[in-house]
Amino acid sequence: MQRSGYGQSPPLHHPVPQHVSTVPQLRSPPPPTSQPQSGYDGSPYQQQGRAPSGNMFGQYGNFINDPAAQLASQFGQTAFKQGQEYLEQNVNRFVSVSALKHYFNVTNSYVINKLFLVLFPWRHKPWARKQTVSPGGQEGWYLPPRDDINSPDMYIPVMSLVTYIFLQTLIAGLRGQFKPELFGYVATTALVVVIVEILGLKLGCYLLSISHESQLLDLVAYSGYKFVGVIVTISIAEIVNGGKGTGGVIGWTVFGYTFFANALFLMRSLKYVLLPENNNNAQGPMQTMPTEGRAKRSQRLQFLFFYAYIVQLFFMWILSRP
């Protein structure tokens, strides 16, 4: 049965918010402002064709213009110049730097020809050194090694000494006997040989009244040429003997050849140092004492023979040992 007392139901009303919501909307954080990305659209290859704007070094771009950096740079340059001057002044007390540069004035052709002369001196002529006029107009000055094959140099002796040290250690390594302290032992042995040889030569020159302005550097240079023959002896003997050292017929044969070649080279080359009276021109850098006659010349010749043959035989034998 239908109730008549009730009519139709009233329409429904949804609630409407009376206050605006204050909850913030979540968004992605903005890109950092310290690294601008203007002009970049995601392709790394489009950046190369555009000129950078501003300072390309960022905060370090003004380092050079910083007064403190300029002061530090100026202080470093001043300290370097003072140290260089101090070193030159103290080195010049013992060795003249300008004279030392003369012995390193070489070329590739000179080095090759000089090595050939040291190993094959049998038919070389002449042995006299060439002379020229100095910039001050003084006569009797010797030409540098690059212009005179008979002039002594420091380049070949120094490089031969270094090569000898590495060669001995290399051979020891191939035999399985390498030790780090072997470098020091070989270098010490070679330097002691050179120092003792130079001291003996200086003593002989003093006793025989031989004076030469550049005598010390010349003797140091000539004492280092023996390492060329020693290196050849060790290398050939090691290859031929199959790692057994310089013993055997081949090893002693090569040693004998290099010894006699070095002895003849020294006999011919050291005449102008140990027998200065044989030179016609004794001016310029060569100043000699008055001639003491044939007896003094005979003593100097005997001393030269003793040094070139006896002394070199002993030292080359020591250096050629494994």
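The values are calculated or read from the model by the stated rules, or taken from the named source; none is laboratory data. Source: prediction; values computed, not measured. Note that we place each Cβ from the backbone using ideal geometry, even for glycine, and neighbour counts take in every protein chain shown. Protein only, heavy atoms only, side chains kept; ligands, DNA and RNA dropped before computing areas. Shrake-Rupley method; radii C 1.70, N 1.55, O 1.52, S 1.80 Å.
A few remarks follow.
- Taken over the range 291-322, the criterion of being part of a loop (DSSP other than H, G, I, E, B) and at pLDDT 50 or above is satisfied by GLU292, GLY293, ARG321, PRO322.
- Contact annotation: residue pairs with Cβ atoms under 9 Å, 6 or more positions apart or on different chains, pairing a residue in the range 190-216 that is modelled with pLDDT under 85 with a partner that is among the acidic types (Asp, Glu) and surrounded by 18 or more Cβ atoms within 10 Å (Cβ to Cβ), are HIS212/ASP218.
- Segments classed as helices (runs of 4 or more DSSP H), wholly inside the range 193-270, with at least 1 members that are under 13 Å from ARG321 (Cα atoms) and open to solvent by less than 40 Å² (accessible area, probe 1.4 Å): 226-240, 248-269
- Considering the range 136-168, and only residues there that are more than 30 Å from the chain's Cα centre (by Cα) and open to solvent by 60 Å² or more (accessible area, probe 1.4 Å), the residue that is modelled with the highest pLDDT turns out to be GLU139.
- Pairs where the first residue, in the range 110-132, is within 12 Å of ASN150 (Cα to Cα) and the second is at pLDDT 90 or above and small (Gly, Ala, Ser), C-beta under 6 Å, 6+ apart: PRO121/ALA261; ARG129/SER151
- Remark: pairs (first residue in the range 163-178, in contact (Cβ under 8 Å) with a residue 24 or more places away in the chain; second residue open to solvent by less than 100 Å² (accessible area, probe 1.4 Å) and among the acidic types (Asp, Glu); Cβ separation under 9 Å; 6+ apart in sequence or on different chains) = LEU167/GLU238; ILE171/GLU238; LEU174/GLU238.
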